[in-house]
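Presented below is the structure to which this report refers.
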Amino acid sequence: MSVKILHIDSNNPILWNQLEEAGFENHADFKSSKEEIEAKIQDYNGIVIRSRFKIDKTFLDAATKLQFIARVGAGLESIDCEYASSKGIHLIAAPEGNRNAVAEHSLGVILSLFNNLNQADAEVKSGQWNRESNRGHELNLKTVGIIGYGNMGKAFAKKLRGFDTEVLCYDILDNVGDENAKQVSLAELQEKTDVLSLHLPWTPETDKMVNTDFINAFKKPFWIINTSRGKNIVTADLVEAMKTKKVLGAGLDVLEYEKLSFETLFQDKNTPEAFQYLLESKNVLLTPHIAGWTFESHERLAQVIVDKIKAVYNVS
Ligand SMILES: NC(=O)c1ccc[n+]([C@@H]2O[C@H](COP(=O)([O-])OP(=O)(O)OC[C@H]3O[C@@H](n4cnc5c(N)ncnc54)[C@H](O)[C@@H]3O)[C@@H](O)[C@H]2O)c1
Ligand SMILES: O=C(O)[C@H](O)COP(=O)(O)O
């Protein structure tokens with residue numbers, strides 16, 4: 001067997017080493033541009049990627065010997081999956097690798113927002129002892145609404161067991177509810193939810209899903225957690241809702257502006273006003289797309305990918 005694999009992003013060494021041990025031929029190119037990789041992809045049978053660039057039709061047409069695309073992660077929006085499948089290319093992803101990290105992160109964000117942990121910590125460290133303004137909330141008896149009940153949503157619901165919360169989920173697929181979450185209509189979720197957590201992919205249907213109309217359909221003021229993709233929320237609309245206190249707090253691991261250079265976002269005179277509001281709000285917790293980024297997930301993602309590549313070639 002001679003299967004040539006091109007790795008275009010760095011991953012846990014388990015991935016490279018175990019593939020090598022199993023007889024696969026590894027090659028690395030972490031620096032070349034999409035065009036440069038496109039020019040040589042016809043030599044490879046497999047590509048291992050995170051999300052450095054889009055695997056589009058042009059790229060796939062150039063990849064005449066490609067048998068698999070292994071995405072070391074969950075989100076598939078940077079791959080033209082339909083076109084790849086039409087060419088018989090195996091699509092491999094590893095949501096099993098980072099779903100526990102995302103679930104724990106989401107829980108941590110809620111508890112942190114509810115208890116003003118960041119604000120209280122910063123105040124104590126700057127010599128302020130404010131108890132009343134840091135009075136918290138409890139998850140107990142609240143209703144958590146999860147939109148997108150797949151790998152991430154389910155893992156998160158499981159973590160909520162033990163908090164005495166009602167957990168509702170909404171998904172376009174039927175019958176996805178389980179012992180950890182009751183599947184309901186979007187309208188029912190919007191009626192009952194206190195904490196909304198998004199676990200959707202980014203697709204033409206989910207793009208800008210959380211906008212003013214969507215937010216106004218909620219019956220109660222609510223908190224929002226987004227670990228899915230930034231463009232699923234219209235940030236300006238979210239900020240307007242925060243100003244009127246319809247949205248009580250937000251934990252955003254992903255940002256609408258994420259693909260801009262982060263330095264540019266800060267230095268540019270055109271910094272979006274909504275982003276500025278997020279930066280200045282104490283009830284907003286911002287993290288740099290790290291929900292799934294743990295030491296443990298790094299290792300697990302690699303192992304899942306190795307196992308799935310081996311399965312494609314029936315290698316034990
Ligand atoms: N922040 C991070 O570090 C991190 C890590 C992993 C995944 N993610 C994000 O989480 C997303 C979800 O991952 P997953 O593995 O759970 O995916 P998944 O495919 O297992 O689950 C997504 C669910 O959303 C549902 N869905 C799709 N479109 C919908 C719509 N318009 N309305 C309602 N439901 C809809 C699907 O039916 C599916 O059940 C990824 O695509 C990625 O964007 C982020
Ligand atoms: O979809 C995922 O697995 C996470 O969001 C990580 O994405 P990244 O590999 O693009 O950082």
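The values are calculated or read from the model by the stated rules, or taken from the named source; none is laboratory data. Values in this document were obtained by computation on a predicted structure and should not be read as measured data. Neighbour counts run over all protein chains shown; Cβ positions are idealised from the backbone, glycine included. In case anyone asks, the SASA skips ligands and DNA or RNA and just uses the protein heavy atoms, side chains included. Shrake-Rupley method; radii C 1.70, N 1.55, O 1.52, S 1.80 Å.
Using alpha-carbon pairs under 8 Å, 6+ residues apart, how would you state the relative contact order of the chain in percent?
Normalised by residue count, the contact order of the chain is 17 percent.
When the helix-only estimate is applied to the chain (DSSP H runs of n ≥ 4, each -39,500 (n - 2.57), divided by the residue count), what is the mean residue ellipticity at 222 nm, nearest 500 deg cm²/dmol?
-10500 deg cm²/dmol
Based on the Cα coordinates of region 98-286, what is the per residue volume of their convex hull in Å³?
Hull volume over Cα atoms, normalised by residue count, gives 132 Å³.
With the cut-off at 15 Å, report for region 4-93 the share of all Cα pairs above it, as a whole percent.
Cα-Cα pairs of region 4-93 separated by over 15 Å account for 55 percent.
Take the solvent-accessible surface of the protein heavy atoms, probe 1.4 Å, and return the percent of it on region 1-156 that carbon and sulfur atoms account for.
Its accessible area is 48 percent carbon and sulfur atoms.
What longest region of the chain stays clear of GluC sites (Glu not before Pro) that DSSP places outside H, G, I, E and B and that have at most 11 other Cβ atoms within 10 Å?
My reading of the result: 1-178 is the longest stretch.
Which number do you get for Rg(Cα) / (2.2 N^0.38 Å) in the chain?
Compactness ratio reported: 1.09.
If ligands, DNA and RNA are left out, what is the accessible area of Tyr313 with a 1.4 Å probe, given in Å² to the nearest 10?
50 Å²
Report the accessible area of Thr294, computed with a 1.4 Å probe over the heavy atoms of all protein chains in place, in Å² rounded to the nearest 10.
50 Å²
Whole number in Å², please: accessible area per residue of region 4-93, 1.4 Å probe, ligands, DNA and RNA not counted.
Result: 45 Å² per residue.
Using only alpha carbon pairs under 8 Å that are at least six residues apart, calculate the relative contact order of region 1-121 and give it in whole percent.
20 percent
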